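The values are calculated or read from the model by the stated rules, or taken from the named source; none is laboratory data. Not measured: the values here are computed from a predicted model. A quick note on method: Cβ atoms are made from the backbone with ideal geometry, for glycine too, and the neighbour counts reach across all protein chains shown. What goes into the accessible areas is simple: the full protein's heavy atoms, side chains included, and nothing from ligands, DNA or RNA. Shrake-Rupley method; radii C 1.70, N 1.55, O 1.52, S 1.80 Å.
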Amino acid sequence: MPYVETSIFIDDKPENVYKAASDMESYPKYMADVESVKVIERTENTTLSEWVSDIEGTPIYWTERDTFDREAMTISYKLTEGDLDKFEGTWVCTPSGSGTNVVLGVDFDFGIPHLEELIGPVLKTKVRDNSDMMLAGLKALCEQK
């Protein structure tokens, strides 16, 4: 199963970056490929959210369980249902000098072995590009102050 990890430095306090990353319903405002995020269930440290993302003109739908650890400044997410067989990972915000290093990890499986054999490297590149886009959007939001 492919795993993609991307990172970015954001010139803002870790608390601010984590707060912005935790506000997933706002992602469509500044992340081009995220069409919608709707929280359908919320507890103190978790959400169940419905997502629609656009990957090169193809809509991808899924629901995920998000777990927030404010103390460690991490967000874990895991697919509960949707277009993929597996989609899970973490956002990790770590203090770094004058700002924050953010690492986004994505572990995914499209569930179609022949498709993965044929275009697996392309899919991995698309997931990496999408992750980079999300991190760049978060950086732009946090650094606009």
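Brief remarks on what is shown
- A single member of Glu64, Glu35, Glu56 is open to solvent by less than 30 Å² (accessible area, probe 1.4 Å) and among the acidic types (Asp, Glu), and it is Glu64.
- Test result for Glu15, farther than 25 Å from Lys124 by Cα, part of a loop (DSSP other than H, G, I, E, B) and either open to solvent by less than 50 Å² (accessible area, probe 1.4 Å) or not β-branched (Val, Ile, Thr) (or both): no
- Any hit, segment 80-99, residues being open to solvent by 60 Å² or more (accessible area, probe 1.4 Å) and basic (Lys, Arg): no
- Residues located in segment 83-106, provided they are modelled with pLDDT of 90 or more and within 19 Å of Pro59 (Cα to Cα): Glu88, Val106
- Cβ-Cβ contacts under 8 Å between residues 6 or more apart (or on different chains), taken from a first residue in segment 53-73 that is on the phi > 0 side of the Ramachandran plot to a second residue that is loosely packed, with under 14 Cβ neighbours inside 10 Å, are listed as Met73/Glu15.
- Hey, Thr6 open to solvent by less than 40 Å² (accessible area, probe 1.4 Å), in a strand (DSSP E or B), under 18 Å from Met134 (Cα atoms) and of a type outside the set (D, E, K, R) or not: yes
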